[in-house]
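This report refers to the structure that appears directly beneath it.
Derivation of every value follows stated rules applied to the coordinates shown; laboratory data play no part. Worth saying up front: this structure is predicted, and the values here are computed from it rather than measured. Virtual Cβ from ideal backbone geometry, glycine too; neighbours counted across all protein chains shown.
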Amino acid sequence: MGVYKLSTAGGLATPRTNYSSFLAGNPAFDPDSFFPIASTTVGSGGSSNVEFTSITADYTHLQIRGIIKNTANNSESVRFRFNSDTNTNYSFHRLFGDGSSASAYGEANTSYAGEASSSNSPQTNIFSALVYDILDYKNTNKYKTVRGLSGKDFNGSGNIFLFSGNWRNTNAITSITIYPNSDNFAQYTQFALYGIKGS
Amino acid sequence: MASTYEKIATTTLSSTQSTVTFSSISSAYTDLVLVMNPIANTASGSYPYLRFNGDSSTNYSRTMIAGTGSAAESDRSSNSSEGYFIYGNQVQTDSAFNGIININNYSNTTTYKTFLARTNVASGTGPRVEALAGLWRSTSAINQIVLHCGSNSFVSGSTFTLYGILKA
């Protein structure tokens, strides 16, 4: 069966272009594959954690992006948990640079899926940055693996984290808790959660 | 209305240029992602850096980690007039250098701007991988990015694409 594009054929009179596709020469609709799910900006009172809940299974991967600061004087990191699991079902490894030396570190049977860099209270206006990927988060046939890049620079000190983590659970991830290793998140700390669709 | 992950601009050089500029960047997004595969006219001295909003004052600093294939290292620089997003990586005369720079919350006027860079040199002089946290000590929204090829130039075939990401 032929397909005709009436907007340019001038009706069904000949000559006209006979297409074999219903696209009729138009480009295929290419929907976004990167979707905003939710975001949180910490208010003036600070916050002990940030949670993303009721995450649907509509995507293939998740990504968290943010800027981070802690209310403590010397806090170093933020941590991640899934589905409110506080048991020792996690592990992580990381490469760490502090500006003078590089080191590697890891923990097995820990209660969080990786540590990211955090700015802290004395650093006026400076926040760390984070990109954190949760791959195949809804797959119920395998444990969940994450990876992240985060860092901060204080013009004379700072650090950079390149890390991966594992959650030994086959449940689909439906909630994510992000919390500092001590004290609270400071005002203007922001996390945004995105869903990435596969083909 | 902006898409969630939208290409803002892309440049493929057809001639030699000492700089590549993305200007009039709107504040419609939350984060910026700059993806590049540049080529240099000469590798020696092609340590790429950026500047935001035309600022050539000493407001940039960085902390980095690198792997050379035989060792890991970390270093930093402070009070620099160049926003280096590398430490030892140099743009090569082939396409062996590539990089991705994340600039989170680039348009807020409350905080200084922290950016994360991942760069690689797959061959040529000193193959290595690097990750870097950079800081621009300014609360201004970023509306311009100028990329420099160190003391050299980018040549034809170099590609640079700037994306914007919009949060919920």
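Quickly run through the stretch B:103-130 and pick out the residues that are within 20 Å of A:Phe191 (Cβ to Cβ) and touching a strand residue (DSSP E or B) at 6+ places or on another chain (Cβ under 8 Å).
If the condition is that a residue be within 20 Å of A:Phe191 (Cβ to Cβ) and touching a strand residue (DSSP E or B) at 6+ places or on another chain (Cβ under 8 Å), then B:Ile103, B:Asn104, B:Asn105, B:Tyr106, B:Thr111, B:Tyr112, B:Lys113, B:Thr114, B:Phe115, B:Leu116 are the ones that fit.
Would you be able to say whether some residue in the stretch A:134-155 is under 23 Å from B:Arg62 (Cα atoms) and either away from chain B (no Cβ under 14 Å) or among the β-branched types (Val, Ile, Thr) (or both)? No, there is no match, as no residue in the stretch A:134-155 is under 23 Å from B:Arg62 (Cα atoms) and either away from chain B (no Cβ under 14 Å) or among the β-branched types (Val, Ile, Thr) (or both).
Name the residues in the stretch A:43-71 that are surrounded by fewer than 17 Cβ atoms within 10 Å (Cβ to Cβ) and assigned to a loop (DSSP other than H, G, I, E, B), would you? Residues satisfying the conditions are A:Gly43, A:Ser44, A:Gly45, A:Gly46, A:Ser48, A:Asn49, A:Thr53, A:Ser54, A:Thr56, A:Ala57, A:Asp58, A:Thr60.
Restricting the search to the stretch B:109-126, which residues are assigned to a loop (DSSP other than H, G, I, E, B) and on the phi < 0 side of the Ramachandran plot? Matches in the stretch B:109-126: B:Thr109, B:Thr110, B:Thr111, B:Tyr112, B:Ala122, B:Ser123, B:Thr125. If you check A:Ile176 against the conditions, is it out of contact with any Pro (no Cβ under 9 Å at 6 or more places or on another chain) and either surrounded by 23 or more Cβ atoms within 10 Å (Cβ to Cβ) or among the hydroxyl-bearing types (Ser, Thr, Tyr) (or both)? Judged against the criteria, A:Ile176 is a match. Residue under question is B:Val129, and the condition is that it be within 14 Å of chain A (Cβ to nearest Cβ), part of a strand (DSSP E or B) and surrounded by fewer than 23 Cβ atoms within 10 Å (Cβ to Cβ); does it hold? Answer is yes for this residue.
You will find that of B:Leu116, B:Leu147, B:Leu132, B:Leu162, the residue that is without any contact (Cβ under 8 Å) to a residue 24 or more places away in the chain and out of contact with any His (no Cβ under 9 Å at 6 or more places or on another chain) is B:Leu116 and no other. The set of residues in the stretch B:132-161 being part of a strand (DSSP E or B) and at the interface with chain A (Cβ under 9 Å from one of its Cβ atoms) consists of B:Leu132, B:Ala133, B:Gly134, B:Leu135.
Filtering B:Ser70, B:Ser95, B:Ser74 for residues that are part of a strand (DSSP E or B) and not basic (Lys, Arg) leaves a single hit, B:Ser74. Taking the stretch B:92-121 only, how many residues are over 14 Å from A:Arg65 (Cα atoms), within 8 Å of another protein chain (Cβ to nearest Cβ) and touching a Lys or Arg at 6+ places or on another chain (Cβ under 7 Å)? Residues meeting the conditions: 1. Can you name the residue in the stretch B:40-76 that is more than 9 Å from every other protein chain (Cβ to nearest Cβ) and without any contact (Cβ under 8 Å) to a residue 60 or more places away in the chain and is also farthest from B:Leu13 (Cα to Cα) among such residues? Looking at the filtered set, the residue picked out is B:Ser70.
Only residues that are of a type outside the set (A, V, I, L, M) and more than 7 Å from every other protein chain (Cβ to nearest Cβ) were counted across the stretch A:97-112, and they come to 8. Kindly indicate whether B:Gly164 is more than 28 Å from A:Ser100 (Cβ to Cβ), within 14 Å of chain A (Cβ to nearest Cβ), assigned to a strand (DSSP E or B) and not basic (Lys, Arg). When the stated conditions are applied, B:Gly164 passes them. With respect to the conditions (1) without any contact (Cβ under 8 Å) to a residue 60 or more places away in the chain; (2) in contact with a Gly (Cβ under 8 Å, 6 or more places away or on another chain); (3) more than 14 Å from every other protein chain (Cβ to nearest Cβ), B:Leu13 lacks only one, and its number is (1). For the stretch A:113-128, filtering for residues that are within 14 Å of chain B (Cβ to nearest Cβ) and on the phi > 0 side of the Ramachandran plot leaves 1. Can A:Gln187 be described as closer than 19 Å to A:Glu51 by Cα, polar (S, T, N, Q) and more than 8 Å from chain B (Cβ to nearest Cβ)? Spelling it out, A:Gln187 is indeed closer than 19 Å to A:Glu51 by Cα, polar (S, T, N, Q) and more than 8 Å from chain B (Cβ to nearest Cβ).
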